[in-house]
Amino acid sequence: MKKYDAVVIGAGNGGLVAAIRLLQGGAKTLLVEKHNLPGGFATSFRRGRFEFEASLHELNDFGTADNAGDVRDLFDELGVTEKIDWLEIPEAYRVIARAEKLDATMPFGVSAFIDKMEKYVPGSRPSVTKFFALAEEIRLAQAYSSSVNGKTDPKYMVEHYGNFVRCGSYSVNEVLSALKMPKKAKDILNAYWCYLGAHCDDLSFLHYASMVNRYILRGASMPKMRSHEISLALTERVRELGGDILFNTEAVKISTDREGGVAGVTLGDGTEIITRHVVANCAPHVVFGRMMDKAPEAEIRATNARKFAGRGFSMFLGLDASAEELGVENHNYFLYDTMDTAAQYEKMRTIKENEVQATVCLNRAYPECSPKGTCMMYFTTLYMSDDWGNIKPEEYYKTKNYVADKMIARFERDTGAKLRGHIEEISIAAPMTYARYCGHPEGVIYGYESQYWDGLMPRLQMMGEDHKVRGLRFAGGYAMRLSGYSSAYFSGDISGRQTVGDIKKEG
Amino acid sequence: MPYVFKKQIFGFMDLLRFKKMVPKRRRKLAEGSAAPLPETYRVNETAKILHPGFQRAVLVSVKEETADTKTFTFQTERPFYFRAGQYATLGCGVEKSVLSRPYSISSAPEDALKRKVSFTVKKAGFFSGYLFDEAKEGDVFTLGDPSGDFCYEPLKDAKHVVALAGGSGITPFYSMAQAIADGTEDFRLTIFYGANTEKDIIFRSELDKLASEKIRVIYVLSDEEKEGFEHGFIGAELIQKYVSGDFTVMMCGPQAMYAYADGQLAAFSLPLRRVKKEANCVGVRDVKPQTFTLTVHIGFETFSVPADARETVLTAMERAGLRVPAKCRAGGCGFCHSKLVSGKFSLAGADKRRLADAKFGYIHPCCSYPDSDMELIVPKA
């Protein structure tokens with residue numbers, strides 16, 4: 001029987017980084033992936049003369065060589081930065097909200113962002129400046145927390161990062177109100193909320209401010225060859241470091257020893273792998289619901305207590321005219337019915353009512369991403385309930401087209417661009433598509449929701465106690481850093497390094 | 001003085017709140033239900049019907065359509081669903097090889113929900129020859145996922161589709177016609193169906209029965225002049241005789257038909273988005289025979305197999321009896337995506353790989369011919 005120090009289940013963003021960390025720590029590592037490609041959602045696909053990005057809008061916290069963000073630092077340590085051709089995203093976002101008649105385009109760079117906000121909302125400068133001061137303190141506090149593996153000294157925290165602790169238990173809107181931020185400025189600042197998928201009355205301020213800061217402080221980047229380039233670069237690195245990777249191979253069981261700790265992994269073809277350590281880049285719902293015969297009751301209870309975050313839907317268009325010709329002016333759009341995020345969240349429960357979209361025209365960041373005289377766009381939304389579970393197979397394609405049609409109509413109406421009559425390629429991914437490729441329950445793409453009680457901070461603080469099965473750790477959107485590209489990479493970094501520590505302790 | 005955040009009247013209350021976050025989460029997690037977690041979910045179950053993966057399919061009937069085509073109908077292990085126009089692979093062990101070929105599905109999507117699916121196959125090569133001469137009712141095959149984008153797209157295509165079908169290239173359009181008739185699809189379909197002689201027409205009576213306001217079939221015979229049939233090839237004049245206004249062209253047939261149609265369609269100045277072609281399997285190439293050695297890593301095993309320079313890398317692996325992924329056999333679907341460790345190859349036709357695949361040395365064996373000894377890492381089938 002094959003024996004490994006560690007098995008990583010799933011070659012998504014978290015799993016790939018975990019595997020590299022394990023190998024760098026000297027662990028003999030096997031990475032198994034049920035699909036035939038690495039990356040999970042981080043991939044691309046060809047249709048005609050277009051190569052579509054499957055999911056990445058822009059990678060935050062990457063920065064440039066002389067102003068590196070945490071993700072670049074991580075990629076440097078992993079040894080993959082140089083394997084990828086990067087480009088910088090020109091501007092942060094354009095947000096359009098109907099109820100408020102809001103239409104604002106925001107730049108990267110903290111002072112540019114504050115200046116632009118002051119233009120849109122005179123008098124907003126003091127509160128927005130305070131927001132970024134808080135956000136920066138949060139960043140530094142998190143860096144301290146990571147440097148001590150989550151085992152922070154409360155006294156040191158209060159002394160050095162008092163604001164972090166004082167604002168740390170509040171929601172986004174609670175803190176913005178305390179900062180006396182004008183409503184319109186709040187509305188503009190809250191545009192990114194759908195990237196985290198919990199509304200701003202519930203979403204932890206720490207989490208949101210941390211993400212906004214990661215975008216605005218250092219800008220955002222994108223690999224030229226779509227996220228597939230990152231996924232292949234990470235895969236390449238796993239192989240360079242001597243790791244084994246099996247594609248088209250599903251891990252179906254995690255077996256346990258008498259004490260209930262990890263003893264092995266069974267693959268789809270029946271192959272048994274002996275290992276005492278697993279990093280699962282998949283949902284605890286899947287691991288404890290299907291992969292373990294005797295999951296501890298505490299794990300079952302904890303897993304049942306959690307709430308699935310948004311289920312994904314994306315439409316991809318290859319258009320036979322340039323962005324200029326079509327009137328698509330920006331790279332990244334957020335189109336909302338209202339900036340009352342709690343009300344908006346409610347409307348996102350159903351296929352019928354949800355008309356939110358986060359939309360990217362990649363050519364606005366990278367004009368050469370498609371042939372001259374063409375452009376590519378992708379439109380994404382989230383469903384905050386299992387409404388797609390009500391769709392029968394024979395209704396599936398019609399329902400996808402119904403939503404896609406609404407997306408095109410909304411984009412045209414809100415921005416004035418003209419897309420119809422120029423669609424050369426179209427591809428639509430629904431929750432079933434995400435369920436198919438990545439196996440996530442209900443087609444969830446954001447892991448567990450960043451609800452107030454289950455937000456970033458308590459997850460990080462409880463990293464050491466969250467999972468009680470010896471040898472089992474998690475990476476990816478369901479784990480301690482929550483969802484999103486950079487978060488998933490960091491979760492893989494943390495779980496990979498911690499597993500190296502576990503192995504060393506065992507001697 | 002640096003900015004101090006405060007929400008409550010007394011700052012210590014903010015600190016207390018922060019301290020309560022962990023105990024609160026601990027309590028919430030402990031309060032979760034002890035009921036078993038679900039083993040599956042509705043969306044995931046629907047996904048299994050839309051994308052069933054490989055499944056067993058029992059051959060339940062064989063019908064002779066013409067001298068060189070037969071329709072093979074299977075009962076599948078599980079219900080599934082597809083879009084009219086899609087293909088699926090059909091495979092089984094033949095001699096020492098495990099083979100599969102992609103065929104357009106000729107039955108209606110609705111039938112698949114009742115576990116019935118049909119392929120209408122022309123006797124042309126090794127596998128179709130096996131099907132034609134050897135396969136019998138009760139035989140068990142492996143059916144692949146319904147795949148491909150040779151389908152009507154309501155948000156993109158014109159409401160009127162002009163189908164150019166050559167020989168057994170009628171199969172996806174026959175599926176579409178059934179889907180229009182039963183209400184699954186909603187578009188107008190005008191099929192120009194080219195065959196050598198009247199005897200070579202497949203589904204003649206079925207198609208005539210399906211004719212309606214939405215479905216029209218024009219039979220075009222190349223080798224016969226007969227009343228009630230058009231004669232010659234499907235050209236611009238013929239299309240103009242029957243069709244006007246905005247339309248999308250979909251063609252399925254041999255490569256020679258595509259070349260001819262492209263020339264004829266120039267008269268209509270159609271934009272790229274108005275023309276779709278179903279891809280054909282990559283065949284042999286015309287070079288002098290030469291044998292290379294492929295070193296193939298699959299899972300934990302390594303194999304050494306011969307490869308004929310005239311055939312694709314995929315064919316070499318299949319001939320050697322290796323179980324390797326294969327689907328479209330035309331370079332486009334990426335299912336056979338494999339890492340090239342070393343060696344040289346030539347592509348059949350256009351490079352349909354992702355950009356990063358070329359950069360990091362991945363190939364699609366189904367459309368790559370060996371130009372030297374090669375070493376590959378291939379996912380297991």
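The values are calculated or read from the model by the stated rules, or taken from the named source; none is laboratory data. Bear in mind the structure is a predicted one, so any value in this text is a computation, not a measurement. FYI the Cβ positions are ideal-geometry reconstructions off the backbone, even for glycines, and counts take in every protein chain you see.
Can you name the residue in the stretch B:211-262 that is of a type in the set (A, V, I, L, M) and surrounded by fewer than 16 Cβ atoms within 10 Å (Cβ to Cβ) and is also farthest from B:Ile170 (Cα to Cα) among such residues? I'd like the intermediate steps shown before the answer.
Quick first cut of the stretch B:211-262, residues of a type in the set (A, V, I, L, M) only: B:211, B:215, B:217-218, B:220-221, B:234, B:236, B:238-239, B:243, B:249-251, B:256-257, B:259, B:261.
Narrowing the set further to residues that are surrounded by fewer than 16 Cβ atoms within 10 Å (Cβ to Cβ) leaves B:211, B:236, B:256, B:259.
Details: B:Ala211: 15, B:Ala236: 19, B:Ala256: 16, B:Ala259: 18 Å.
Filtering first and then ranking leaves B:Ala236.
Here's the yes/no breakdown for (1) buried (at least 20 other Cβ atoms within 10 Å of the Cβ); (2) more than 14 Å from chain B (Cβ to nearest Cβ); (3) under 21 Å from the mean Cα position of the chain (by Cα):
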{"residue": "A:Gly15", "(1), (2), (3)": "yes, yes, yes"}
{"residue": "A:Leu22", "(1), (2), (3)": "yes, yes, no"}
{"residue": "A:Ala27", "(1), (2), (3)": "yes, yes, no"}
{"residue": "A:Glu53", "(1), (2), (3)": "yes, no, yes"}
{"residue": "A:Gly69", "(1), (2), (3)": "yes, yes, yes"}
{"residue": "A:Arg72", "(1), (2), (3)": "yes, yes, yes"}
{"residue": "A:Thr81", "(1), (2), (3)": "no, yes, yes"}
{"residue": "A:Ile89", "(1), (2), (3)": "yes, yes, yes"}
{"residue": "A:Leu102", "(1), (2), (3)": "no, yes, no"}
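Only one residue in A:Gly492, A:Gly464, A:Gly496 is of a type in the set (Gly, Ala, Ser), outside any loop (DSSP other than H, G, I, E, B) and farther than 21 Å from A:Ser55 by Cβ, so which one is that? Please lay out each step first, then the result.
Numbers: A:Gly492 fails: farther than 21 Å from A:Ser55 by Cβ; A:Gly464 fails: outside any loop (DSSP other than H, G, I, E, B).
Result of the check over A:Gly492, A:Gly464, A:Gly496: A:Gly496.
In the stretch A:243-272, which residues are facing chain B (nearest Cβ under 10 Å) and β-branched (Val, Ile, Thr)?
At the first step, the residues of the stretch A:243-272 found to be facing chain B (nearest Cβ under 10 Å) are A:244-249, A:267-269, A:271.
Those that are facing chain B (nearest Cβ under 10 Å) and β-branched (Val, Ile, Thr): A:Ile245, A:Thr249, A:Thr271.
Give the residue that is farthest from A:Asn390 (Cα to Cα), with candidates limited to residues of the stretch B:56-65 that are surrounded by fewer than 18 Cβ atoms within 10 Å (Cβ to Cβ) and not β-branched (Val, Ile, Thr). Outline the logic, then answer.
We begin by selecting, within the stretch B:56-65, every residue surrounded by fewer than 18 Cβ atoms within 10 Å (Cβ to Cβ); these are B:56, B:58, B:60-64.
From what is left, the residues that are not β-branched (Val, Ile, Thr) are B:56, B:61, B:63-64.
Working: B:Arg56: 28, B:Ser61: 35, B:Lys63: 38, B:Glu64: 41 Å.
Out of the qualifying residues, it is B:Glu64.
Enumerate the strands (runs of 3 or more DSSP E) found wholly within the stretch B:44-157, keeping only those where 3 or more residues are in contact with a helix residue (DSSP H, G or I) (Cβ under 6 Å, 6 or more places away or on another chain) and away from chain A (no Cβ under 14 Å). Write out each step before concluding.
On the way: elements: B:55-66, B:69-76, B:87-94, B:97-104, B:116-122, B:140-143.
Filter on the stretch B:44-157 gives B:97-104, B:116-122.
Do we have A:Ala298 as in the same structural domain as A:Lys468 (by TED's automatic domain parsing), in a helix (DSSP H, G or I) and surrounded by fewer than 23 Cβ atoms within 10 Å (Cβ to Cβ) here?
On the way: in the same structural domain as A:Lys468 (by TED's automatic domain parsing): yes; in a helix (DSSP H, G or I): yes; surrounded by fewer than 23 Cβ atoms within 10 Å (Cβ to Cβ): yes.
Judged against the criteria, A:Ala298 is a match.
Limited to the stretch B:348-366, what total is found for residues that are more than 8 Å from chain A (Cβ to nearest Cβ) and in contact with a strand residue (DSSP E or B) (Cβ under 6 Å, 6 or more places away or on another chain)?
Of all residues in the stretch B:348-366, those more than 8 Å from chain A (Cβ to nearest Cβ) come to B:348-351, B:358, B:361, B:363-366.
So of that shortlist, the ones also in contact with a strand residue (DSSP E or B) (Cβ under 6 Å, 6 or more places away or on another chain) come out as B:361, B:363, B:365.
Total meeting the criteria: 3.
Does B:Leu29 satisfy the criteria of being of a type in the set (A, V, I, L, M), within 12 Å of chain A (Cβ to nearest Cβ), crowded, with 20+ Cβ neighbours inside 10 Å and outside any loop (DSSP other than H, G, I, E, B)?
Considered against the rule, which asks whether it is of a type in the set (A, V, I, L, M), within 12 Å of chain A (Cβ to nearest Cβ), crowded, with 20+ Cβ neighbours inside 10 Å and outside any loop (DSSP other than H, G, I, E, B), B:Leu29 comes out as yes.
Tell me, yes or no, whether the stretch A:366-379 has at least one residue that is in a loop (DSSP other than H, G, I, E, B) and free of Cβ contacts under 8 Å to residues at least 60 places away in the same chain. Steps first, answer last, please.
Let us first name the residues in the stretch A:366-379 that are in a loop (DSSP other than H, G, I, E, B), namely A:366, A:370-374.
From what is left, the residues that are free of Cβ contacts under 8 Å to residues at least 60 places away in the same chain are A:372-373.
Checked against the condition, which is being in a loop (DSSP other than H, G, I, E, B) and free of Cβ contacts under 8 Å to residues at least 60 places away in the same chain, the stretch A:366-379 yields at least one hit.
Anything in the stretch A:231-247 that is assigned to a helix (DSSP H, G or I) and closer than 22 Å to A:Ser44 by Cβ? List them, or say none. Outline the logic, then answer.
Keep residues of the stretch A:231-247 that are assigned to a helix (DSSP H, G or I), which gives A:231-240.
Hits for the stretch A:231-247 are A:Ser231, A:Leu232, A:Ala233, A:Leu234, A:Thr235, A:Glu236, A:Arg237, A:Val238, A:Arg239.
If A:Thr152 satisfies all but one of (1) over 22 Å from the mean Cα position of the chain (by Cα); (2) assigned to a helix (DSSP H, G or I), what's the number of the condition it fails?
(2)
Looking at this structure, is A:Pro458 under 30 Å from A:Val328 (Cα atoms) and either within 11 Å of chain B (Cβ to nearest Cβ) or buried (at least 20 other Cβ atoms within 10 Å of the Cβ) (or both)?
Against the criterion (under 30 Å from A:Val328 (Cα atoms) and either within 11 Å of chain B (Cβ to nearest Cβ) or buried (at least 20 other Cβ atoms within 10 Å of the Cβ) (or both)), A:Pro458 does not qualify.
Name the residues in the stretch A:228-242 that are crowded, with 22+ Cβ neighbours inside 10 Å and more than 9 Å from every other protein chain (Cβ to nearest Cβ), would you?
We begin by selecting, within the stretch A:228-242, every residue crowded, with 22+ Cβ neighbours inside 10 Å; these are A:228-235, A:238.
Hits for the stretch A:228-242 are A:Leu234, A:Val238.
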